1. Can you spot the lysines whose alpha carbon is less than 16 Å from residue 144's alpha carbon? Ignore those fewer than 8 places along the same chain.
2. Cα axis of helix 87-98 to longest principal axis of the chain: angle in degrees, 0 to 90, nearest 10?
3. Could I have the simple spin-label model distance between residue 259 and residue 231, label points 7 Å from Cα toward Cβ, reported in nm to one decimal?
4. With equal scatterers on the alpha carbons only and no solvent term, can you work out the Debye log10 of I(q)/I(0) for segment 121-190 at 0.25, 0.26 1/Å?
5. Compute the angle between helix 37-48 and the longest alpha-carbon principal axis of the chain, please, reported from 0 to 90 degrees and rounded to the nearest 10.
6. Using each residue's phi in segment 187-193, evaluate 6.51 cos²θ - 1.76 cosθ + 1.60 at θ = phi - 60° and report the 3J(HN,Hα) Karplus result to the nearest Hz, with x for Gly and Pro.
7. Pop out the carbon and sulfur fraction of the accessible area of the chain as a percent, whole number, probe 1.4 Å.
8. Amide H neighbours of residue 259 under 5 Å, at least 5 residues apart or on other chains, H built in the peptide plane: list them.
Amino acid sequence: MSNPYEDRIRRVLRYVHDNPGKDLSLDRLADVAAMSRFHWHRVFRAMTGETCAEAVRRIRLERAAFALVHDARSIEEIAASVGYDNIRSFNRAFRDHQGMTPAAFRRSGVPGRAALRLRNRTSTMYHIEIKYLPATRLASMPHKGAYPEIRKAFEKLETILSTGGLWPQTRGMAGVYFDDPNAVAIEELTSLAAVILPEGTDMPEGLTEHILPGGRHAVLMLEGPYTGLQAAYDHLYGAWFPNSGEEPGDAPSFEIYLNAPHNTPATELRTQICAPLKT
């Protein structure tokens, strides 16, 4: 039986192959896949081992290689037909991909073929449950940049709570991650360092309210250091989702931290990765 997630990947790669000169932005490919932009890129990378951008670049250059061998158009025309308006950028990308210039390849090259590449599934076991999570009110501190650097936002958040004596009002810590770090430039990644705050509690000065929508979620429990988060996400999106019969909802994933590294050994850290499910 065909796997619907693999069918979507094939559909996207076929679209890229057939339309190399068109808009192949990450959001456009999410539309082709008919999946939420918050999650499609994670699914694609986890299942294929390459990002959407890497796949687009590879297929464009493979189409260019085929054209260089099989038709008489100029190199500039071929470059434009696969989405490269700048011939210097095309020459550099082609040389990096094929190990020779387009002109040299035209004289002696053998064209490549775009193909579906599915990554071997990880055998690591994780405990994943489908849970209904209520809408959750967060007091948050925004962060832009590399996700590991979000600790700086957490430090600011903790300072505000400590100086105001507000920790007793909180109900745990959370992180909201709006982008896939494999699809968005590091400096453009957006996230929130946050604490859970009950309804009716005043929002601390310097923090912003953010509401996590309620509903069904896939909840993966990670036990161990935060360095294991990427592998856990890869398993959730590359193995669990394609075999679950579920589809990610149109909202970002988030993490709930059940303990903290300042008073817990790394091997005993417990983190819930929560991915909204489509209703």
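The values are calculated or read from the model by the stated rules, or taken from the named source; none is laboratory data. Computed from a predicted model, the values in this text were never measured in an experiment. We place every Cβ from the backbone using ideal geometry, glycine too, and count neighbours over all the protein chains shown. In case anyone asks, the SASA skips ligands and DNA or RNA and just uses the protein heavy atoms, side chains included. Shrake-Rupley method; radii C 1.70, N 1.55, O 1.52, S 1.80 Å.
1. 152, 156
2. With rounding to tens, the tilt is 90 degrees.
3. Placing both labels 7 Å beyond Cα along the Cβ direction yields 1.9 nm.
4. -1.10, -1.12
5. Roughly 60 degrees between the two axes.
6. 5, 9, 5, 10, 7, 10, 8
7. Details: 7230 of 14140 Å².
Carbon and sulfur atoms account for 51 percent of the accessible area of the chain.
8. 270
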